[in-house]
Amino acid sequence: MRVAVLNGVNLDLLERRDPALYGGVSLAELHSRVTAWAVELGCTARCRQTNSEGEYVNWCHEELDWAEGIVVNPGAWSHYSYAIRDALELFSVPLVEVHLSNVDQRESWRRHSVIADIATKRILGRGPDGYRDALEFLAQP
Ligand code: DQA
């Protein structure tokens with residue numbers, strides 16, 4: 001299975017953000033773990049991160065013809081970007097929304113996700129392992 005993994009705004013500085021919330025790993029380490037987990041599960045993962053909302057939307061469009069499953073962590077955009085919601089709504093393949101931290105137990109503005117209702121599954125507060133859970137979910141027969 002081909003899986004697109006799209007990380008969004010501020011996830012490039014993951015290792016500098018609160019390790020209690022985000023696990024203390026770098027984005028490079030996260031992407032390397034995701035790539036290895038995907039191989040174990042017989043999948044191919046294409047991992048990308050951007051701080052540009054327009055680029056994120058363009059990547060969603062690109063993945064439409066490639067991905068058989070999609071894992072997204074749009075970061076703060078999850079809470080307000082209808083542009084990203086509209087782009088993700090184009091997918092007909094399963095979509096997993098991942099957040100490293102448990103956004104449902106943080107500030108009230110983080111408890112709302114504009115993509116929650118179009119996600120096939122949501123994984124919150126599992127740190128980097130949440131991405132493995134997402135791949136396992138997508139890879140299951
Ligand atoms: C996050 C949660 C968001 O609220 C936050 O803006 C992020 C990271 C997470 O993975 O826990 O940047 O998506």
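What follows draws every value from the coordinates through simple rules; no lab data is involved. No experiment lies behind these values; they were computed from the predicted model shown.
Remarks
- GNM result for the chain, Cα springs below 10 Å: residue of Ala28, Ala38, Ala20 fluctuating most strongly: Ala20
- Rounded if a/c under 1.5, otherwise prolate or oblate - the range 1-69, Cα gyration tensor axes: oblate
- Amide H contacts for Val5 (H built 1.01 Å from N in the peptide plane; partners 5 or more residues away or on another chain; cut-off under 5 Å): Arg46, Cys47, Arg48, Val71.
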